[in-house]
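Colleague: One structure follows; several queries about it will come next.
The values are calculated or read from the model by the stated rules, or taken from the named source; none is laboratory data. These figures come from a predicted structure and were not determined experimentally. Here Cβ is always computed from backbone atoms with ideal geometry, including for glycine, and neighbour counts include all displayed protein chains.
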Amino acid sequence: MEGLLKVKNALVTGVTGQDGAYLTKYLLDKGYNVYGTYRRLSTPNFWRLRHLEIFEKLNLISCDLSDAGSIVEAIKISKPDEIYHMAAQSFVEASFETPVSTGDITGLSVTRILEALRQDGCNAKFYFAGTSEMFGETGPRTNERALNENDVFRPMSPYAAAKLYAYWITRIYREGYKMFTVNGILFNHESPLRGMEFVTRKIANEVAKIRVGLSRELKLGNLDAKRDWGYAPEYIEAIWLMLQNKVPKDFVIATGEAHSVREFVEKSFDVAKLNWQDYVKVDKRFLRPLDVPCLRGDYSLANRELGWKPKTKFIKLVEIMVKEEISRWERWLKGETFPWDAPNYPSEDRLLTRGHRM
Ligand code: NAP
Ligand code: G4F
């Protein structure tokens with residue numbers, strides 16, 4: 001009886017990010033005791049936790065993924081039943097600028113955590129935030145077919161290579177040490193809490209600024225790339241379900257539809273009742289040395305075994321993101337203040353990238 005009533009402890013790395021924040025809210029709502037790691041920054045970055053009104057409800061632990069001691073400490077403090085490893089250098093473009101630290105933070109950090117768990121004899125279940133980026137070049141070759149758990153990985157960025165290393169380490173610890181470790185292979189998932197550098201949020205934010213008269217153009221890179229974009233809060237449930245599964249197993253989470261960046265642009269301007277061709281310019285600074293042309297996922301295993309399926313598809317997602325951004329800028333113009341990153345986000349105008357030199 002006592003076992004049934006035990007409150008579970010969850011350790012979530014990267015609670016200041018999009019998924020970490022939504023996941024923390026989801027777990028708190030389920031009655032978990034949540035410990036969240038964040039890294040020390042010169043300017044605190046808790047706006048998402050405040051936006052979701054959970055900042056006061058979780059236990060914060062300072063931890064940097066490059067520092068093994070801080071990971072050991074986080075595990076000691078939290079005594080976790082479940083670990084959700086969400087923290088990473090998660091921006092593909094930045095991984096071309098900082099390939100070594102991306103390898104360390106996004107890849108090696110997983111070994112640091114798993115080794116700490118193994119040495120400690122901790123039985124916590126472990127979730128690793130794997131990604132569709134790992135499929136890389138496999139995407140276009142199977143354009144007509146959605147990718148599933150059995151498809152070959154052919155990474156096309158330092159980020160994807162680091163994630164693929166971590167994916168295998170997660171499997172090796174599962175098979176070698178019989179630990180409950182799983183890889184989520186999540187396709188792109190977006191929301192109004194998405195980081196501003198990612199294309200969907202960048203588009204939604206700039207369209208809203210144009211709509212309210214604060215901007216006149218939107219500069220983008222590859223408009224032809226296609227992605228399978230889902231709604232982040234729904235993907236959080238899939239992550240939780242993976243750790244409740246009887247057996248540790250890897251799952252693809254996706255919507256099953258791929259759309260181009262150009263389509264995302266067109267629909268976003270439609271929501272704002274504007275013509276995209278009057279405002280959009282292609283700027284080579286936002287091109288990557290390599291870019292996965294198309295990613296589309298097959299979530300049927302997750303549907304069969306976890307009972308999960310996506311509810312919010314492409315058009316609805318665009319609407320949610322653009323309408324929220326317009327509402328935020330309108331409130332901001334009226335002088336309202338609320339937890340929100342956009343007004344402090346630096347302009348990309350003088351940004352020099354690998355694409356800049358191409
Ligand atoms: P995100 O918003 O960029 O959040 C990343 C988190 O990692 C932030 O909390 C960040 O802290 C933290 N972090 C970065 N470097 C760190 C370091 N050296 N030490 C400690 N913490 C560090 O990413 P997300 O969209 O929520 O994605 C969550 C995870 O899922 C990531 O691992 C990502 O690669 C993976 N993923 C995401 C998607 C997607 O479409 N969103 C798809 C597949 C997989 P700061 O706030 O301080 O920067
Ligand atoms: O929004 P993105 O930067 O996301 P990307 O590269 O697909 O990665 C995201 O999804 C992955 C899952 O597949 C995650 F693992 C990863 O952590 C991250 O969350 O770019 C999407 C597409 C790319 O093809 C990019 O070249 O949009 C294209 N794009 C065109 N113009 C642009 C821009 N991307 C960005 N960020 N900025 C642009 O101006």
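Colleague: (1) surrounded by fewer than 19 Cβ atoms within 10 Å (Cβ to Cβ); (2) more than 30 Å from residue 82 (Cα to Cα): which one isn't true of residue 265, the others all being true?
Modeller: Evaluating residue 265 over (1) surrounded by fewer than 19 Cβ atoms within 10 Å (Cβ to Cβ); (2) more than 30 Å from residue 82 (Cα to Cα) leaves (1) as the failure.
Colleague: Something else: Which count do you get for residues in region 318-347 that are surrounded by 15 or more Cβ atoms within 10 Å (Cβ to Cβ) and either part of a loop (DSSP other than H, G, I, E, B) or in contact with an Asp or Glu (Cβ under 6 Å, 6 or more places away or on another chain) (or both)?
Modeller: 2
Colleague: Still on this structure: Going by the conditions given, is residue 192 surrounded by fewer than 16 Cβ atoms within 10 Å (Cβ to Cβ) and either touching a Pro at 6+ places or on another chain (Cβ under 9 Å) or in a loop (DSSP other than H, G, I, E, B) (or both)?
Modeller: So residue 192 does not fit the description; no.
Yes/no per residue for (1) within 11 Å of ligand 1 (Cβ to nearest atom); (2) at pLDDT below 95; (3) more than 21 Å from residue 189 (Cα to Cα); (4) part of a helix (DSSP H, G or I):
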| position | (1), (2), (3), (4) |
| --- | --- |
| 19 | yes, no, no, yes |
| 34 | no, no, yes, no |
| 53 | no, no, yes, no |
| 56 | no, no, yes, no |
| 74 | yes, no, yes, yes |
| 87 | yes, no, no, no |
| 100 | no, no, yes, yes |
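Colleague: Something else now. Does region 177-189 include one or more residues that are assigned to a helix (DSSP H, G or I), more than 14 Å from ligand 1 (Cβ to nearest atom) and closer than 29 Å to residue 119 by Cβ?
Modeller: Yes.
Colleague: Can you report the number of residues in region 89-98 which are surrounded by fewer than 23 Cβ atoms within 10 Å (Cβ to Cβ) and in a helix (DSSP H, G or I)?
Modeller: Matching residues across region 89-98 total 5.
Colleague: Something else now. Taking into account only those residues within region 201-243 that are within 16 Å of ligand 1 (Cβ to nearest atom), part of a helix (DSSP H, G or I) and small (Gly, Ala, Ser), which is nearest to residue 327 (Cα to Cα)?
Modeller: So, considering only residues that are within 16 Å of ligand 1 (Cβ to nearest atom), part of a helix (DSSP H, G or I) and small (Gly, Ala, Ser), the one nearest to residue 327 (Cα to Cα) is 204.
Colleague: From 54, 75, 83, 61, which residue is free of Cβ contacts under 8 Å to residues at least 60 places away in the same chain and under 21 Å from residue 104 (Cα atoms)?
Modeller: The conditions single out 61.
Colleague: Within region 244-267, how many residues are in a loop (DSSP other than H, G, I, E, B) and of a type in the set (S, T, N, Q)?
Modeller: The qualifying residues number 2.
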